[in-house]
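Novice: Sharing a structure below in C-alpha cells format, with a few things to ask.
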Amino acid sequence: MTRNIPEPILGLLHDIGEVAGTGSYLVGGFVRDLLLKRPSLDIDIVVEGDAIRVAQALCERWNGTLEVHAQFGTATVAPENTDLPKVDFVTARRETYQGSGTLPIVQSGSITDDLRRRDFSINTLAMRLDQTAFGTIVDETGGLKDLESGVVRVLHNRSFIDDPTRIFRAYRYAGRYGFQIAKNDARLIREALPVTAQLSGERIRNEIDRVLLEKNAPEIVEQLTELGIWETICAGWQMSSDFASDFRAAQRAIAWASEHLADEAFDQAFVRWMALFGTQTPIYQIEALSFRLILEHRLQRLVSPAQAENRQVSLEKVTHVIFEKLGYPLSQNAVIEHHNGKWCIVDADVSIGKGKTYISGDGSLFRVETRLTAYKQLKEALALLKRSVKPSEIYRLFKPYPTEALVLASEGTTVAEWGREKIRDYLLVLRKVQPLITGKDLIAFGEKPGQTFKTRLWQLFAAQLDGEIKTKEAAYSRLEKINSNG
Ligand code: CTP
C-alpha cells in the first residue's frame, strides 16, 4: 500500500509518525485516492491529543511556516522545500448536530469518533503513521469493501439531514469515480432533499463550485437535476438542457484564456457559472440565484425607507398590496422566499413573459444586478449579428461585456465560426487599439467637452478602427470635414 506513495511524501509521513507516535493518522481523501491509485496532494493528518503541538514540532523539523487556528485545534505546515505539499493537522474530534443544515458542535475525541463523524464510508479510511504499525489501514465502517465494490454509503440514517451538503458530495464522488450511490442512501437523499432549502447561500455555492470543477460535471448535474435539487434551492430554477455543451465550451474557454490572456485577470469560476446558467435560464432567475447563492451581484435600490414611509407601507412585510402601492404590481404567481435575511420575490410574470426579481429588506426594495447574465445576453446579440459588420460596430457591441463571457461565447458550438472569429479578433486586437486622437487632442484643437465632443471622439475612433484613417493628420482633416458638414 505505502509503495504507491511518492517518495517525498512518504518521507513527510514517516517524520510525522516519528514525532507524534501512536495516535497519528493519515486520513480522508488521500487514503481513499491512494487505494484507488489516483494521485492526491491533500495531506490531512488526524492526531489524538494536541495537533497544534505536533504541527509545531514538525514545522521546526521541516524548517517550514506554520499557520495555527487555535479555536479549531488545527494547524497547517508548509515545508521550506516548496516542492513538498502543505500538511494539515487536525485534533481528533467528535461532532454533534443541533439543527439540520447548520454547522455542528465540535469536541475533541478519539480517532474512532473522528472517523465516525464523517460523511461516507469511503472517506473514513485512515492509515497509521506510528513506526510500530506504519501503513496499516484502519477501517471502522466497511470503507474498504465499499471502495472495492464502488459504493457511496453514509454511516447512519440521519447523515444527509444533519448535513444536506452531503447530497452534492454523494453525487460528486459517484460521478468522479463511476460509483453507485447505495440504494438505502438514494432513499435517504430523497427524504433529506427539502432540508437543502435551509442551507446558507455560501454552503450551496461552495458545493456547486466543487461540482463544476469535476471533469464529469455534466453527468453529476444531470443526476442532481433528476433528483430535483435546483427547484428546492431557489423557486423556479430549472437546469438548462444545454449544460453539457456549455460546460465543454467553458473548459475550452479556460484553456484558451490561459494561453492567450495569461497576463489578464480572468475568473474561471465566473465562466463555469455562466455556463451553468447557459442561455435557457431567464434573466430574472439568474438574478435571483446570484442573490440566493451570494454570487457576484449588487442591489440597486428602487424604494428607500423614507419613500416607503411616505406611502405608508412597511417593506419588512411582503404582500401583493404593498407592491401595488409602491408601483411595482406583482403577478398572481410571484413566489416569495426568505434568503440571506431578506425576502426574495421572483415574479415569472408569464402574462408579459419578462419576469422580475425583487429583494426586500432593511426597509428598502431592490432590484438585483449581476454580470452573470452576460453570456445569455451576448449570445442573443450574436444571433442578430451580420457577417458584414464593421470593426467599429463590433467594438461597440462587445465593449460592455466581461472578457469571460466573450471567451465563453467564442467557444460556443452554436455560434457560427465567423462570429467566433470576430470575438477572438476583438479580444486579441481590436480592444487593444489606442485612439489616434484623445480628449486632450480635441481640447487643444479647440473643441469643448460635452455631448458633441464625445460623439466626435467616437466618430474618429470608429473611422480609425474601420481602417479609414491611419494617422493623426488624417484624423484632424476628418474632424475638419465633419465639423464643416455640421
Ligand atoms: N466531510 C464530511 N462532511 C462534509 C464535508 C466533509 O464528513 N460535509 C469529511 C469527509 O470525510 C472528508 C473530509 O471531511 O473526507 C475532508 O473534506 P473534503 O476536503 O471536502 O474531502 P475530500 O475527500 O478531500 O474531497 P475532494 O477529494 O473532493 O478534495
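The values are calculated or read from the model by the stated rules, or taken from the named source; none is laboratory data. Because the structure is predicted, anything quoted here is derived from the model rather than measured. Backbone-built Cβ (ideal geometry, glycine too); neighbour counts: all protein chains shown.
Novice: When ASP349 is evaluated against the numbered criteria (1) assigned to a helix (DSSP H, G or I); (2) within 21 Å of LEU302 (Cβ to Cβ), which criterion, by number, is the only one it fails?
Specialist: In the conditions (1) assigned to a helix (DSSP H, G or I); (2) within 21 Å of LEU302 (Cβ to Cβ), ASP349 misses (1) alone.
Novice: When both residues are 6+ apart or on different chains and their Cβ atoms are under 8 Å apart, which pairs have a first residue that lies in the stretch 13-35 and is more than 23 Å from GLY64 (Cα to Cα), and a second that is within 12 Å of the ligand (Cβ to nearest atom) and part of a helix (DSSP H, G or I)?
Specialist: GLY28/ASN123; GLY29/ASN123; ARG32/ILE122; ARG32/ASN123; ARG32/GLY143
Novice: On to the next question. Can you tell me which of (1) more than 14 Å from GLY28 (Cα to Cα); (2) in a loop (DSSP other than H, G, I, E, B) is the one GLU60 doesn't meet?
Specialist: That leaves (2) as the condition not met.
Novice: Please work out if LYS386 is in a loop (DSSP other than H, G, I, E, B) and modelled with pLDDT under 90.
Specialist: no
Novice: Related question: Could we say that GLU447 is in contact with a Leu (Cβ under 9 Å, 6 or more places away or on another chain) and either farther than 23 Å from PHE398 by Cα or in a loop (DSSP other than H, G, I, E, B) (or both) here?
Specialist: Against the criterion (in contact with a Leu (Cβ under 9 Å, 6 or more places away or on another chain) and either farther than 23 Å from PHE398 by Cα or in a loop (DSSP other than H, G, I, E, B) (or both)), GLU447 qualifies.
Novice: While we're here: Within the bounds of the stretch 226-249, is there any residue that is under 25 Å from VAL31 (Cα atoms), buried (at least 19 other Cβ atoms within 10 Å of the Cβ), in contact (Cβ under 8 Å) with a residue 40 or more places away in the chain and not assigned by TED's automatic domain parsing to the domain that holds ASN123?
Specialist: No, the stretch 226-249 has no match at all.
Novice: A further question follows. Return the residue satisfying two criteria in turn: it lies in the stretch 353-383 and is part of a loop (DSSP other than H, G, I, E, B) and under 26 Å from the mean Cα position of the chain (by Cα), and of such residues it is modelled with the lowest pLDDT.
Specialist: GLY355
Novice: Just give me the residues in the stretch 71-108 being in a strand (DSSP E or B), at pLDDT 85 or above and aliphatic (A, V, I, L, M), in sequence order.
Specialist: Listed by number, the residues that qualify are ALA75, VAL77, ALA78, VAL87, VAL90.
Novice: Still on this structure, I have one more. Cβ contacts < 7 Å: first residue more than 17 Å from LEU129 (Cα to Cα) and without any contact (Cβ under 8 Å) to a residue 24 or more places away in the chain, restricted to the stretch 78-89; second residue β-branched (Val, Ile, Thr) and part of a strand (DSSP E or B), any location; separation 6+ or different chain. Result?
Specialist: ALA78/THR65
Novice: In the stretch 31-46, how many residues are under 17 Å from GLU148 (Cα atoms) and surrounded by fewer than 24 Cβ atoms within 10 Å (Cβ to Cβ)?
Specialist: Total satisfying the criteria: 7.
Novice: Scan the stretch 306-322 for residues that are of a type outside the set (Asp, Glu) and either within 33 Å of the chain's Cα centre (by Cα) or assigned to a loop (DSSP other than H, G, I, E, B) (or both) and report the count.
Specialist: Result for the stretch 306-322: 8.
Novice: If you don't mind, another one. LEU115 - would you say it is over 22 Å from ASP50 (Cα atoms) and either without any contact (Cβ under 8 Å) to a residue 24 or more places away in the chain or surrounded by 21 or more Cβ atoms within 10 Å (Cβ to Cβ) (or both)?
Specialist: For LEU115, the condition - over 22 Å from ASP50 (Cα atoms) and either without any contact (Cβ under 8 Å) to a residue 24 or more places away in the chain or surrounded by 21 or more Cβ atoms within 10 Å (Cβ to Cβ) (or both) - is not met.
Novice: When you go through (1) at positive phi; (2) within 29 Å of the chain's Cα centre (by Cα) one by one for ASN63, which number turns out not to apply?
Specialist: Result: ASN63 passes all but (2).
Novice: Under 8 Å between Cβ atoms, at least 6 apart or on separate chains: pull out the pairs that start in the stretch 92-104 with a residue that is within 27 Å of LEU26 (Cα to Cα) and end on any residue that is among the basic types (Lys, Arg).
Specialist: Final answer for the pair search is ARG93/ARG117; ARG94/ARG117; GLU95/ARG117; TYR97/ARG158; PRO104/ARG117.
Novice: Something else: State whether the residues of the stretch 16-28 include one that is away from the ligand (no atom under 12 Å from the Cβ), surrounded by fewer than 21 Cβ atoms within 10 Å (Cβ to Cβ) and assigned to a helix (DSSP H, G or I).
Specialist: Yes - at least one qualifying residue is present in the stretch 16-28.
Novice: Select from the stretch 210-219 the residues that are surrounded by 16 or more Cβ atoms within 10 Å (Cβ to Cβ) and closer than 25 Å to GLU337 by Cβ and list them in ascending order.
Specialist: VAL211, LEU212
Novice: Further question on the same structure: Name, by its number, the condition in (1) of a type in the set (Lys, Arg); (2) farther than 30 Å from ILE208 by Cα; (3) within 27 Å of the chain's Cα centre (by Cα) that does not hold for LYS325.
Specialist: Answer for LYS325: the failing condition is (3).
Novice: Select the helices (runs of 4 or more DSSP H) contained entirely in the stretch 111-175, then report the ones holding at least 1 residues which are modelled with pLDDT of 95 or more, more than 10 Å from the ligand (Cβ to nearest atom) and under 23 Å from ALA197 (Cβ atoms).
Specialist: Fully inside the stretch 111-175 and qualifying: 159-162.
Novice: Would you mind finding the one in GLU222, GLU264, GLU231, GLU287 that is more than 14 Å from GLY412 (Cβ to Cβ) and touching a His at 6+ places or on another chain (Cβ under 8 Å)?
Specialist: Of the residues listed, the single one that is more than 14 Å from GLY412 (Cβ to Cβ) and touching a His at 6+ places or on another chain (Cβ under 8 Å) is GLU287.
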